[in-house]
Each structure stands twice: as structure tokens, then as C-alpha cells.
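Inspection log for the structure reproduced underneath, given as C-alpha cells.
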Amino acid sequence: MPETQSPSAAQDAGLQEFLHIPPELLWQPYVPNASDPWDAVKVAHLYRRTSFGASYAEIQAGLKTDPESLVRQILNTSRNKNDDDAIAFEHDTRQMTAMALDSGNSRELQAVWLYRMLHSPQPLLERMTLFWHNHFATSNAKVRNLRLMQRQQDSLRNHALGSFDDLMQEMTFDPAMIIWLDGNTNQKGKPNENYAREIFELFSLGVGNYSEADIQEAARALTGWSVVNDEAVFQSPLHDAGSKSILGETGRWTAGDVVRIALAQPACPKFVVRKLFREFISDSLEPTDEMIAPLVEEFRQRNYDIGWIVGRMVRSWLFYSPLAIGQKVKSPVDFLVGSVKSLEGTMSLVQMAETCQTLGQNLYFPPSVKGWDGGYLWLNSTTLLQRQNMAFSIAGNTRTTDPAQLTEKYNIEGDETTATFFLDLFLQQHDPEIVAEMTRYLQEERLKLKTTFQSDSSREAQLARKAAHLTMTMPEYQLS
């Protein structure tokens, strides 16, 4: 694509003109050029949106490759189930999961999932599993069966980058989902409409693309399924085998037909693309139908290939534009997992799970069938203070997430160099004023520390921790 056609050329023209760039150009693959180079900001942005974050070494390595190669690496790694590292990791985490389930403690199960997010060789797979957990939001507060909740998560992970068609079918017959949305009480003659309503409103079509009559008829088609001994069981005497009319199609439809009919609607690919746009591009920008049109029809034609649509988004000019970079509020999981990853450390996984709940994201316990609203609703005066306290705890931990170990590892010395290093690590920026301000702060702190720490190494270590903490409490650090 010629430089004159790239969306980056519209930065100086302002947001409105940027939005008027032809959609087909917005979704063209980003190709670095002199005015819009491949830099640390873009590398870190890609890692934050696909891998929960990156270490300093990963960012530097990313700079030495190109966007297409790095995207291909991330996608291929997360879709390759036969990778030796992935197989070994899955074996180990299966054992951890079994122990957590045996304990009957949901906090232990949350800890295992956070371990996956921190250490999986397939981080995009974990991010997409979390995305689908929020899309098909199911809570153990009602299911009250951790084994069924874990089985659902396994299904989400198995289809996370596969076909949305397959994923929808799987969720329709998922035992945890059947309990969560009252499938057990959905019987011939007295249908329960809960799952029928949500499959249209929240899972596939969105409000305005179905009628109450469609819900009533779909509920009849879904009758007969219940959970017996933790398995989804179809009991034909409880199924309404009569003719139903759903979204313009009439027949003796069953549960699988409800999914098929929903996915055949033009609103379905548009609805899913919008949800993925919110996840990978921006949770504050509402895309127009025209903006996402180049993706919608091809997504449908490709049998709702999730891996393809994610790859198309994270390769695009729009993904690397000012409309996407720094335009999402970090979720509690993003904030915690990203911080630990950046510092190349570890942390008590149970403590992380507890902190996620305190900050508003209790894994396996979304607040409703709508999931977590996210966006700026993650932030309020209470959660901001809690995030600052957690940043202080992480940056001040001399055993597991010590910033001083990083400055030693990468031979970082001097106040300005230390300030620049942590700004690069957490924010990928070189704003001269911010560097100068942080440098002055470190110089002042150095004078204070002379009376407390006798050795030069102890003072340098404390200054590294202070620089890391200061950077992590900046408003920009709350954004992804």
C-alpha cells in the first residue's frame, strides 16, 4: 500500500477525517514505512492484545522482526495443538487442574487459570478462552459445580480459535450452560425461554434482530435437555417435536437447528465481529456497519473461522493506529498478568486470584449472563486506589517481581537511563518531559536514600523499585 493511502497519514488530520478513510484500506495489512515505522509501541501493543503483555527481551526481539512474521508466529503457535511445548504444558496444567478440582476450592482453580495466562506457550489461546468466558458468561454462583465449570472452560479453549459455529453448538449442549440458563426446566408444554433469549440477544444476533415469537419458538426447539450425573442428556418425552417457526424458517426444529438458523442470519457475523472489534481494536469506539463490512461477509463465508478474523484484525492498519493503541482500559487480569510478565517474575497465584476479585473480575463468577461490562467501568475511585496499592506491592516485592533484578539483568545504570528503561518497559514512550520529570524524582530520592542505605547497590535497587512503581501508577498504564 502506498504511504499516501495508509491510515497513519491521517493522524494530523484528526479523528473525523481518520474515520472517513475507506474501510477496505483500514483492514489492509499494516506495512511499516518512514512516517509510520515498526517500533516498540506497536510491538508491545500487539503483545498486550494477544498475549497479556511482554517482557523487555520479547519487545526487543519483536523489533528485529516484522509485523507479519510476529503475527504469524503468535497465531500459529496458539493454533498448533501438536507443538511439543504446548503438549508438555497441557500435561502439567492438567495435573494442576485435577488437584484444584479435588480441593473443591474455586480459588485454587482460578489460580491454575492465571498460571496458564502467565506461562502458556499459547498465550493467545488463553486470551481467547477468557474472551469466550465473558461472551458465554456462566457463573459457578448458580452452577455450583467446579468440574462442570472447568469442562466448559476446556470446551471454550478447544474452540477458542476454531469455528464459532462449532463453539455455539458446543455451548448449547454444555452441562454448565444448561444449568446456568435453566435448560433443566425447559420441557414440552412449559418451555423456559432463558437460553433461547440469550442465544439470540447475547450470543449470536443482538437486540433488534429477532422477535419475542422467535424466542418462544426457539425455546420449544430447545426442550428435552437436562443434566444427569454431570452429563447433558436428551429425554425425548420432554421434547416438543411439533413444528416451529424461527427467524423465518419453519420445521420440526431441535436444539441444533436453533444454532444453525441463528448463524444463517446476516446479523450474526456482524454481531460477532463487533464483539471482537471491542476486544482487539477499541472498547470506546463504536464501529459503523461500513467500517466492519469488509470483514463480516468473509467471516461468514469462512464458516466463522475465529483464528482468521483475529488474524485479519491484528494485521491491519487500524489495529496499529491511534484509534486502537492505548484505547482500551486494562481489565484486572490484564493489569496483574501484564505487570508480572513485564517484570519477568512470579507471584502468589491465589493472591492474584483474590486481587482480581477485589478489582472486579472474579474468574468463573461473571456478574451476570452479560458478563463483565469492562471498558471504563473497570475504573472508579476505589479500584484505582486498589490498583495503585497493587502496583506498590508488585514493584516492592524483592523476591518474586523485583524491578531491581531487571536493571541488573539489562545493565541499566543512572537515573535517566533507569527512568527511560521503565518507561520503555511499561509504556514504550520517550516523552522528554516525562523522562526529565522522572529523572528529577529519582535524583531527589537518591539523596533521601543516602541516610537509609549505605551501599550503592542497595540504593540503586530501591531507585529501580521506585521508578517501576511510579510508572505503573501513571494513568497511561491503565490503558492497553
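Where a number appears in this text, it was derived from the coordinates with a stated rule and is not lab data. Because the structure is predicted, anything quoted here is derived from the model rather than measured. Cβ placement follows ideal geometry from the backbone for every residue including glycine, while neighbour counts extend to all protein chains displayed.
Its Cα gyration tensor gives segment 332-478 an equivalent ellipsoid. The semi-axes, each the square root of 5 times an eigenvalue, are 31, 16, 13 Å from largest down. For the chain, the dipole from Cβ point charges (+1 on Lys and Arg, -1 on Asp and Glu) about the Cα centre works out to 1060 debye, to the nearest 20.
For the chain, the longest principal axis of the C-alpha atoms and the axis of helix 123-135 are separated by about 50°. Taking each of 190/244; 142/190; 270/330; 142/330; 42/64 in turn, the alpha-carbon distance tops 19 angstrom for 142/190; 270/330; 142/330. Computed from Cα positions, the angle between helix 212-221 and the longest principal axis of the chain comes to roughly 70 degrees. The mean sequence separation of alpha-carbon pairs under 8 Å and at least six residues apart, normalised by the residue count of the chain, gives a relative contact order of 18 percent.
Taking the Cα centre of segment 221-360 as origin and charging only Cβ (+1 Lys, Arg; -1 Asp, Glu), how large is the dipole, in debye to the nearest 20?
Numbers: 14 positive and 16 negative charges, 55 e Å.
So the dipole magnitude of segment 221-360 works out to roughly 260 debye.
Projecting the Cα positions of 301, 178, 311 onto the charge dipole of the chain (unit charges on Cβ atoms of Lys, Arg, Asp and Glu, taken about the Cα centre) puts 178 furthest along the positive direction.
The trypsin sites (Lys or Arg not before Pro) found in segment 328-394 that occupy coil by DSSP, while having at most 13 further C-beta atoms within 10 Å, are 370.
Per residue, the average separation of C-alpha pairs within less than 8 Å and at least 6 apart gives segment 278-389 a relative contact order of 27 percent.
Considered as an equivalent ellipsoid built on the Cα gyration tensor, segment 243-318 has semi-axes of 29, 12, 10 Å, the largest given first.
Here is the list for segment 111-183: trypsin sites (Lys or Arg not before Pro) lying in DSSP coil, each with at most 14 other C-beta atoms within 10 angstrom of its C-beta, are 144.
Projecting the Cα atoms of 429, 208, 73 onto the charge dipole of the chain, computed from C-beta unit charges around the Cα centre, puts 208 farthest toward the positive end. Residues 254, 358 in ascending order of nearby Cβ atoms (within 10 Å, fewest first): 358, 254. The angle separating the long axis of helix 106-119 from the principal Cα axis of greatest extent in the chain is about 60 degrees.
Simple rule: put +1 on each Lys or Arg Cβ and -1 on each Asp or Glu Cβ in segment 332-478, find the dipole, and look at 364, 470, 379; the Cα lying farthest toward the positive end is 364. In segment 332-478, Cα pairs under 8 Å separated by at least six residues give a relative contact order of 26 percent.
Using unit Cβ charges (K, R positive; D, E negative) and no other charged atoms, how large, in debye to the nearest 20, is the dipole of segment 332-478 about its Cα centre?
Details: 12 positive and 18 negative charges, 99 e Å.
My answer is approximately 480 debye.
Only helical runs count toward this figure. For the chain, summing -39,500 (n - 2.57) over DSSP H runs of n ≥ 4 and dividing by all residues gives -17500 deg cm²/dmol at 222 nm.
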